[in-house]
Amino acid sequence: MSDKDLFRFHELKKVHEKRQTLAQTAIILGLSLRHVKRLSKRLKTEGPTGLTSQKVGKPGNHQLPIGLKKLALNLIQDHYPDFGPTLAHEYLFEKDKLPLSISTVRNVMIEHQIWLPKMQRKKRMFQLRPRRPREGELIQLDGSEHEWFEGRGPYCTLLSFIDDATSKIMFLKFVKSENTLDYFDAMRGYIERYGRPLALYPDKHGVFRVNQEGALSGNGMTQFGRAMQELEIQLICANTPQAKGRVERRHRDLQDRLIKAMRLQNLTTLEEANAFLPSFIDDFNKRFAQPPQNTANAHQPLMPMQNLDRIFCLKTMRRLSKNLTLQYNNVIYQIISERPSYATIKATVDVLETKDGSIRIEYKGTPLNAVPYHQMQARTEEVSSKELSERLSNKPRYIPRPGRHHPWKRGRRGFSKRALEQTCC
């Protein structure tokens, strides 16, 4: 019995002992006189258990039909196992015509552990990874797209190279967006200053990794990955942002300290900001860099066969036709030869494109004399999400202008203004 049932039992017991009337008991219990009479009669015939609710142990009036929950569970397990409760309810209601509420679908999925609320999900644990012992063994690389100029200049991206052993800022550069050619320029500036690191630790951006599963074209390697392979630099793509936490935390610090320092200097362009970065990096590293476990430097010098001009460019392979022509970027190039040569017919050549757009064609490392022969209409270009804002900002605004026969350019009764002027003159 509940506390309410015990209270009723004590008050009705007074009625049976002639110490209290039914009307007084009805007022004390807050019930009608008829219901108090009903309870008193039930107490005499059934005892104290008669005062308990008659609904205890009986199915609810709004209970779902037998088998409906099981049918919903089977449909969810067969067709919607990775759906959330709201989406699964939409499909069950619209497609399968099951009259279930969202709360019922959610309870079914939680009961059978198909879906768990956020509070019940197991939080992923990230174990601490020890630092590399030497400077230059592992460089964490990432780009931060932010309002670095606070509206005084363009919306841009900061490329950061952070040493894993010392948390030192090795190199910074402001660029318009994260793309292969800008990463080439930043990596070249880093190598010319420090040498070749043993490994780079970026994220899974499309510059570093082919993210399309089952790609049929290409060799499964991006242009940046090909360049790092030629430089014998290991490229390790992090699975989570927490894995490269040193560069992520440096971005947090730079978005505070660097922005305010640039505000005091009143910098408004990328060129001014890039010229200011070396002095800022020296001051920042004096304050926050840590000494490495091993004082030996792991950076390696460039080898004689590693030509940065040939490495840091877009390199693609093309096959020459019988007429010694090839197609690249919707342009047909003709190879000019002084004498008839059959060695290069159907041969595979390398097309090298630099940042300024110049094209160089090589066959086994030897440059070929090529001239553009015919330019075709360009197809729609695919732009990554990180380059979309920069492309849209440079796109000229389209201003519609009415044609010569538009009603705005017509005068009275549909005649053009020029015709009216000639008639009047």
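The values are calculated or read from the model by the stated rules, or taken from the named source; none is laboratory data. This is a predicted model, so every value here is computed, not measured. Glycine also receives a Cβ, built like all others from the backbone with ideal geometry; neighbour counts cover every protein chain displayed.
Against the definition (touching a Gly at 6+ places or on another chain (Cβ under 9 Å) and either in a loop (DSSP other than H, G, I, E, B) or surrounded by fewer than 15 Cβ atoms within 10 Å (Cβ to Cβ) (or both)), how does THR295 come out, yes or no? For THR295, the condition - touching a Gly at 6+ places or on another chain (Cβ under 9 Å) and either in a loop (DSSP other than H, G, I, E, B) or surrounded by fewer than 15 Cβ atoms within 10 Å (Cβ to Cβ) (or both) - is not met. Looking only at segment 298-326, residues that are out of contact with any Ser or Thr (no Cβ under 9 Å at 6 or more places or on another chain) and not in a loop (DSSP other than H, G, I, E, B) come to 8 in all.
Any residue at all in segment 334-341 that's buried (at least 16 other Cβ atoms within 10 Å of the Cβ), of a type in the set (Val, Ile, Thr), farther than 20 Å from ASN179 by Cβ and modelled with pLDDT of 90 or more? Within segment 334-341 (the criterion being buried (at least 16 other Cβ atoms within 10 Å of the Cβ), of a type in the set (Val, Ile, Thr), farther than 20 Å from ASN179 by Cβ and modelled with pLDDT of 90 or more), the answer is no, since none of the residues qualifies. For HIS79, state whether it is in contact with a Ser or Thr (Cβ under 8 Å, 6 or more places away or on another chain), at pLDDT 90 or above and of a type outside the set (Phe, Trp, Tyr). In short, no.
Taken over segment 144-167, the criterion of being in a loop (DSSP other than H, G, I, E, B) and either under 18 Å from THR269 (Cα atoms) or touching a strand residue (DSSP E or B) at 6+ places or on another chain (Cβ under 8 Å) (or both) is satisfied by GLU147, TRP148, PHE149, GLU150, GLY151, ARG152, GLY153, PRO154, TYR155, ASP164, ALA165, THR166. Say whether the condition of being within 33 Å of the chain's Cα centre (by Cα), exposed (fewer than 11 other Cβ atoms within 10 Å of the Cβ) and either assigned by TED's automatic domain parsing to the domain that holds ALA199 or assigned to a helix (DSSP H, G or I) (or both) is met by at least one residue in segment 37-46. Checking segment 37-46: not a single residue is within 33 Å of the chain's Cα centre (by Cα), exposed (fewer than 11 other Cβ atoms within 10 Å of the Cβ) and either assigned by TED's automatic domain parsing to the domain that holds ALA199 or assigned to a helix (DSSP H, G or I) (or both). Scanning segment 226-245 for residues that are surrounded by fewer than 18 Cβ atoms within 10 Å (Cβ to Cβ), part of a helix (DSSP H, G or I) and touching a residue at least 12 places away in the same chain (Cβ under 8 Å) yields ARG226, GLU230, PRO241, GLN242, ALA243. Right, GLU147: in the same structural domain as ARG252 (by TED's automatic domain parsing) and either more than 30 Å from PRO197 (Cα to Cα) or not hydrophobic (A, V, I, L, M, F, W, C) (or both) or not? The answer is yes for GLU147.
Of the residues screened, THR49 is one that is modelled with pLDDT under 90, among the β-branched types (Val, Ile, Thr), in a helix (DSSP H, G or I) and within 14 Å of ARG8 (Cβ to Cβ).
Within the set LYS70, LYS97, LYS55, the sole residue that is without any contact (Cβ under 8 Å) to a residue 40 or more places away in the chain and under 30 Å from ASP5 (Cβ atoms) turns out to be LYS55.
Within the option set GLU271, GLU248, being more than 30 Å from PRO304 (Cα to Cα), among the charged types (D, E, K, R) and under 24 Å from the mean Cα position of the chain (by Cα) holds for one residue only, GLU248.
Residue-by-condition table, conditions (1) over 30 Å from the mean Cα position of the chain (by Cα); (2) surrounded by 11 or more Cβ atoms within 10 Å (Cβ to Cβ); (3) not assigned by TED's automatic domain parsing to the domain that holds HIS251:
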| site | (1), (2), (3) |
| --- | --- |
| ILE76 | no, yes, yes |
| GLU90 | no, yes, yes |
| SER103 | yes, no, yes |
| ARG106 | no, yes, yes |
| LEU128 | no, no, yes |
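Residue check: is ILE114 among the β-branched types (Val, Ile, Thr), more than 30 Å from LYS4 (Cα to Cα) and in a helix (DSSP H, G or I)? When the stated conditions are applied, ILE114 does not pass them. Of all the residues in segment 168-205, those that are part of a strand (DSSP E or B) and either surrounded by fewer than 18 Cβ atoms within 10 Å (Cβ to Cβ) or of a type in the set (Ser, Thr, Tyr) (or both) number 2. Every listed requirement among (1) at pLDDT 95 or above; (2) closer than 21 Å to PRO241 by Cα is met by ARG196 save one, (2).
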